[in-house]
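In what follows, a single structure is set out as structure tokens and then discussed.
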Amino acid sequence: MKKLLVMICMTFGCVFASKASGDKSSAAVVSARANNLSDQMIKSLRLNNFQSSKIREINTQVAEQITAIEQQYAGNEAKIKQLTQEAFTARDLYLEEVLSTVQYNKYFNSRSAYAAIDQEFMSTLADNSNSNVLATVSAQQNPKAVAAN
């Protein structure tokens with residue numbers, strides 16, 4: 001119980017630190033990161049609408065935490081790995097409540113694949129100019145807003 005409380009406190013601390021120090025581009029990166037992973041999970045786990053919205057919320061929180069951790073501890077790979085692992089463990093607890101037993105088992109066995117998907121997406125963002133990739137991601141997520149401009 002104490003570990004759960006510590007994780008929740010850490011979660012809120014990271015989220016608030018991220019919100020306080022984050023700018024609009026980091027918010028766009030967080031959103032794109034969370035949506036990419038959520039889309040993959042929705043397809044592979046065959047989630048219903050309720051589960052899909054919860055997964056998006058959970059992944060957005062985790063993406064905020066991880067982005068804040070990566071910014072705060074840039075250059076300290078061991079610390080980043082430790083803290084992101086804690087964030088992933090907290091996400092597992094949340095997902096266990098949202099997913100069915102079959103879906104959670106499938107997710108749990110595929111966690112390394114989801115981590116690879118996230119890393120690949122972030123390396124793609126780093127390789128390309130952030131503005132071009134984010135504009136493309138925004139256009140894919142909200143084509144009506146782009147058409148209006």
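Only sites in a loop by DSSP and with at most 16 other Cβ atoms within 10 Å count here; which trypsin sites (Lys or Arg not before Pro) in the stretch 37-82 make the cut?
Here the trypsin sites (Lys or Arg not before Pro) that fit, given the DSSP loop and packing criteria, are Arg46.
Dividing the alpha-carbon radius of gyration of the stretch 24-127 by the rule-of-thumb value 2.2 N^0.38 Å gives 1.04.
Every number here is computed from the coordinates shown, using simple stated rules; none is lab data. Computed from a predicted structure; not experimentally measured. Reconstructed Cβ throughout: ideal geometry from the backbone, glycine too, with neighbour counts over all protein chains shown.
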